[in-house]
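Presented below is the structure to which this report refers.
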Amino acid sequence: MINEASFASALLETFSLPIQACFERDPVPENRLTAGERAVFETLAAPARRESWLRGRAALKRIQSILGGSEDTSTLKFPHPRISLTHSESWAIAVGSSSPKLLGIGVDLEVKGAPKPETARRFLNPAELVWLRRMDEGDREKMMYRLWTVKEATFKADPENPGKTLKDYGLADPGFIAGKARRGERVFYYASFEVPDGFLSVAVLPAVE
């Protein structure tokens, strides 16, 4: 996985915004849960779901601490204008920023779970599908994988995403590993990174100056 410090540097260079990142593989100990967190934890029945949730709490607690917020993650509601979280396999990644220039932020990690070719129509718009079909057949699965994470990160960065779908976010150029996405008049910026067995993408919605 990408080093946290180098990842944060890459995000600063790409977005010109200070964005912190916390990568976690270890679940937070249950004795560190607040009363609010424990109430949520007790509703989770499956052991795998509990472990994943605790790993996510570890990432969120650390990002909150870095940003000067409370470690009680039970008060967080997503989409959040300053913080985002993603899980995949044995990883949980939280990103966050205290910059007032930010209206939304999103992160998505996908490893060992590339989307099947027939699912492309579910998250790519017609122009993006045409672009994908023009790719060499051997590259299409990899490109779909990257675009899936870009769309997910952009969706998470939209504070008004309820009722929206991934197809609502159109990429200016699907071939760019860092570029723009739009939903109506809203303009998002994203960056995608190839990681072992998958892709990691971050998107931001800057405040209009």
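Data table
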| item | result |
| --- | --- |
| PHE199 long-range amide H proximity, modeled H, under 5 Å | GLU110 |
| Taking segment 4-206 and dividing mean pair separation by its residue count, relative contact order in percent (alpha carbons under 8 Å, at least six apart) | 19 percent |
| Potential extension, ARG50-GLU194 segment - 0.36 nm per residue separation minus Cα distance | 49.1 nm |
| Cα gyration tensor shape for segment 1-119, rounded if a/c is under 1.5, else prolate or oblate | oblate |
| (i) 17.0, 53; (ii) 21.6, 80; (iii) 27.9, 104, with the label sought being that of the calculated Rg and Dmax of the Cα atoms in Å | (i) |
| The chain, dipole about Cα centre (Lys/Arg Cβ +1, Asp/Glu Cβ -1), debye to the nearest 20 | 420 debye |
| Length added when fully stretched, GLU71-GLU137, from 0.36 nm per residue minus Cα-Cα | 19.1 nm |
| Environment charge of PRO126, counting only residues whose C-beta is closer than 14 Å and scoring Lys/Arg +1, Asp/Glu -1 | +3 |
| Segment 1-46 shape via C-alpha gyration tensor axes, a/c threshold 1.5 | prolate |
| GNM top mover of LEU171, LEU103, LEU85 - the chain, alpha-carbon springs below 10 Å | LEU103 |
| Length added when fully stretched, ARG32-LYS164, from 0.36 nm per residue minus Cα-Cα | 44.0 nm |
| Total formal charge among the other residues, if their Cβ is under 12 angstrom from that of SER90, Lys/Arg +1 and Asp/Glu -1 | -2 |
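A short reminder: the numbers here are calculations on the coordinates, not readings from a lab. The shown structure was predicted, so the numbers you read here are calculated from the model rather than taken from an experiment. All Cβ positions, even for glycine, are placed from backbone atoms using ideal geometry, and neighbour counts span all protein chains on display.
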